[in-house]
């Protein structure tokens with residue numbers, strides 16, 4: 001969800017520069033800096049950014065430069081005093097000249113403003129188009145980033161599926177090993193002739209059912225297919241949905257590991273968990 005967009009245009013006698021930056025974020029968090037002339041339209045500006053960007057930590061700066069003939073201005077004397085007094089006190093404390101302080105203060109934001117300047121509806125429409133243009137540039141950056149993220153997510157998914165195939169191949173061997181191991185323990189400690197094979201078979205069937213991982217593997221296969229289908233959709237915002245699916249991945253992988261009782265399957269489970277964590281990190285970058 002990272003990106004940068006910039007658009008500049010002269011509207012009437014005003015030159016507007018719109019810059020929009022976005023970083024990763026779970027929600028839409030906006031920091032907006034606009035000139036006083038645009039303040040009456042702040043709500044509309046926020047709506048344009050929210051609808052166009054949807055998620056992320058967003059910073060938007062709208063800069064204004066007036067062109068043409070001189071216009072009546074007003075000086076915000078209270079604000080100028082608020083700037084001047086602490087600066088003058090600091091200059092006295094450091095034994096510095098105060099001759100340039102006033103000229104510097106007059107250049108600070110909102111000290112001098114155009115007294116009769118009002119943004120007309122037509123000018124606002126043009127500015128709104130300019131904001132949308134900056135948003136479009138930012139989303140183009142996001143789209144380029146999204147292509148590389150999609151490729152990485154598909155790689156993680158393929159790696160999980162590869163380990164899952166290994167688990168499926170090892171599953172029949174695992175059952176045989178468990179059966180033979182239990183029989184050997186009984187023969188070594190009780191004696192082959194001292195237990196009922198039929199009763200042992202019944203107990204083993206019950207035990208094998210408890211540690212069966214076929215259901216987990218079926219569900220994980222379904223989750224993988226669903227994850228791919230969501231990635232292929234044209235929907236703009238899908239990060240939250242993909243994150244929920246990955247949480248389901250984790251449940252099935254963890255359950256498989258807890259039931260495995262096999263070192264080779266446990267190794268495959270660990271590799272799947274590693275790929276899953278990498279996918280979760282990438283999902284944070286998805287809108």
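The values are calculated or read from the model by the stated rules, or taken from the named source; none is laboratory data. Keep in mind the model is a prediction, meaning the values are calculated, not measured. Positions of Cβ are generated from backbone atoms using ideal geometry, with glycine treated the same way; all protein chains shown enter the neighbour counts.
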Candidates 159, 139 - the one that is surrounded by 12 or more Cβ atoms within 10 Å (Cβ to Cβ) and closer than 30 Å to residue 49 by Cα: 139
Filtered residues of the stretch 40-87 (kept if under 20 Å from residue 138 (Cα atoms), in a strand (DSSP E or B) and at pLDDT below 90): 56
Given (1) farther than 18 Å from residue 129 by Cβ; (2) in contact with a strand residue (DSSP E or B) (Cβ under 8 Å, 6 or more places away or on another chain); (3) loosely packed, with under 14 Cβ neighbours inside 10 Å, index of the condition residue 63 fails: (1)
Qualifying residue in the stretch 225-238 (condition: crowded, with 18+ Cβ neighbours inside 10 Å, in contact (Cβ under 8 Å) with a residue 40 or more places away in the chain and either touching a strand residue (DSSP E or B) at 6+ places or on another chain (Cβ under 6 Å) or assigned to a helix (DSSP H, G or I) (or both)): yes
Where residue 11 falls short, out of the listed (1) surrounded by 13 or more Cβ atoms within 10 Å (Cβ to Cβ); (2) over 17 Å from residue 126 (Cβ atoms); (3) out of contact with any strand residue (DSSP E or B) (no Cβ under 7 Å at 6 or more places or on another chain): (2)
Residue in the stretch 195-209 that is farther than 17 Å from residue 168 by Cα, at pLDDT below 80, out of contact with any strand residue (DSSP E or B) (no Cβ under 6 Å at 6 or more places or on another chain) and assigned to a loop (DSSP other than H, G, I, E, B) present: yes
Answer residue from the stretch 24-38, given it is surrounded by fewer than 16 Cβ atoms within 10 Å (Cβ to Cβ) and modelled with pLDDT under 90 and is nearest to residue 142 (Cα to Cα) among those: 24
